[in-house]
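Reviewing the structure listed below.
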Amino acid sequence: MMKRNSVRQKQNLLKVSWKALKDLVNKDVNKTIRKAYGVPLTNAGEDVKLAMDNALEASGHFNAIRNVVASGGIDAYPQFLGYSYLSGLQQNGFIRAGVEGLADDMTAKFIELIRTSDTENNDDDKIDKINEFLNKFQIKELFNKAAALNGYFGGCLIFIDTGDDDLLSALDEKSLNHSIKSFVLVEPINTYPGRYNSTNPLSPNYFIPDTWFVLGQEVHASRLLYLAADEVSMLLKPAYNFYGIAPAQIAADSVSHFIKDREAVSRLLHKYSLLVFKTDMGSALYNGNPEELYSRVKVLADFRDNDSVIIIDKEDEDIITVTTSMAGITDVVRLSLELMPIMFRQPLTKFLGISPGGMNATGESDENNWNEYVLSQCEKQFRKPVKRLLELIQYNLFGEVDENIDFIFKVQSSNDESKEVNNNKIKADTYVQLVTSGVISPEEARKALAEDEKSGFNSIDIDAVPEISDTGNEDLFGGLSLDWDPFAYDEFDESKVHRKHNGQFGSGGSSSENNEPFGKAYNEYSGKPKEAIEYLIKKKNGHVPNAIYKEGIGDIDIVWGEAGTGKGGYGLSHIIRRRNEEGYNGEEFVKQLPDIINNGKVIDRDKGLGRLYVLNNNKEVAIRLTWDNKERNWLVSAYILKP
């Protein structure tokens, strides 16, 4: 009996399966298959979706993945989170600072066209025409936007519009002949890979699309420039739409943690203290009227102020305050804040737009590291598309490609000018030594300056050698009838200052304490310049590190120094002595130094030779930038300028 039932069940199953197959055949099989697994279409109704999305939703896993991400965070399930999610990240200020900062620096100077070799058929006019083309079509601005899309979405495409209607055929680059009309930036959400080789890993075009769908319209890859940020491996390419992982997605986790920490600290600041009102709760709640207790607590909360008076029962009531410790909170928030720029490889000073703090903190090494990273990203993201672009431009303009024309990426740097000045100074010193030692003649040095494009003297006439006057400094102001010495500014002269045999200063301002040449450091007055000066006048020794900050210079040490004689000496003691000798009140003058520095203008009169000056009306402060060949900003002198 059981055997016969089993046979009947199998027959029924066969009937059901055959019926399902018959119904499927009766329907349009091709239409069903195309709808579920075919090439994505657009403008065909809401029921048409991407094959990958359809498969995920049909299997029931898609919602599970989204729930895991929502509950456990991004780190719980690393994956492509979708363009809608990444678009939302664009609204976060920290994400924008990281993405836009890199994009702006990558395209600040963009590229410079160069010739790799000199030939007899060099046509320098070609480079000028290519540059005109780049400016006409605003290519630098185009790649700036492309770099931003790489940061937000992981990649993008640039469409080369030649006016052709047949976009599926390969671009005939050699017959462009001024047919390029525009360049269009295509966001990745509007694209999908078409045909690509997925069977032969030995092929150079393995997993590289031959065509792309742009909102359902198939376009040959030769008509598109492909850009990607951090490209992924083969297994992840379909999941990331054949682009890369967006830096915005990588940094989103750190940004989320910082926001949570900041909100937690904000809540703690509002609840860091709790007022405890001790009273007889039993009699208030069970034997009395609880509304009276509520009224008293409400009055206590409403009038909780330093100017208020609270009256309580001396025997049965008491009030105490329970305070939550705030120690270590700043370090936690600062750590989570510093993790965000790490995700973008940016220095903290650039990411947040703040100046480096602390003694001798210039941020130059951070900037150099950042510039190297920017250059590496230019090579990584822009090298192939820019090379392809320049080839198409040359075909469009000249009908051929000049193989000797190449390009280099230019990276913006805030200290380019100062580096150039220092380099020119080193060159000038070298020329002087070579001329003095007789290795080269003055004419040869002059020729070298004229041929150096960055010397600042490349426009001089080599043959027009000026006559050298024998007049010394004492005659430079002859005939002006000056009653003062224009070179008599108070300058620090180390040769006139007493030093010990070990190189430290002698008595009056030196001390081996803390291994500081300026004596004892009174750190408790750092950032308090007025109190620092009054305390140094009282102590008459030592110094205050980072006593005052000046934009354009940084933190400045104020030192007591050594009074010296004549123009010798340095620091406050020297300034007081010199001003007293001129008939001023020296101590009152040095007490004005914080106002002079805060309200004055920074002047680099020596052009990188180790001093900066702060000028305010007729008063000037001299700041030395080094000590013992090490970077250190300290106040050496201050004086009143004569008419």
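Below are the figures for this structure:
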read-out: Around K591: net Lys/Arg minus Asp/Glu count, Cβ-Cβ under 14 Å; value: 0
read-out: Among 334-344, 575-585, 200-210, the order from most to least packed when residues are scored by Cβ within 10 Å on average; value: 334-344, 575-585, 200-210
read-out: Protection proxy ranking of 437-450, 618-631, 247-260, 386-399 - average other beta-carbon atoms within 10 Å, highest first; value: 247-260, 386-399, 618-631, 437-450
read-out: Cα gyration tensor category, rounded, prolate or oblate, for the range 532-642 with a/c compared to 1.5; value: rounded
read-out: Ranked by how many other beta carbons lie within 10 Å on average, peptides 289-301, 318-330 from highest; value: 289-301, 318-330
read-out: Inter-part distance where the range 603-631 and the range 524-542 are each reduced to a Cα centre, Å; value: 21 Å
read-out: Cα Rg, Dmax (largest Cα-Cα span) when computed across the range 120-193, Å; value: 15.2, 49
read-out: The range 148-289: equivalent-ellipsoid semi-axes (sqrt of 5 x gyration tensor eigenvalues, Cα, Å); value: 61, 18, 13
read-out: Spatial separation of Cα centroids for the range 243-286 and the range 185-242, in angstrom; value: 45 Å
read-out: Shape box of the range 273-322 [Cα atoms, principal axes, largest first, Å]; value: 33, 19, 19
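Computed from the coordinates by the stated procedures, all read-outs in this text should not be read as laboratory data. What you see is a predicted model, and the numbers here were worked out from it, not measured in a lab. Glycine gets a Cβ as well: all are built from the backbone with ideal geometry, and neighbour counts include every protein chain shown.
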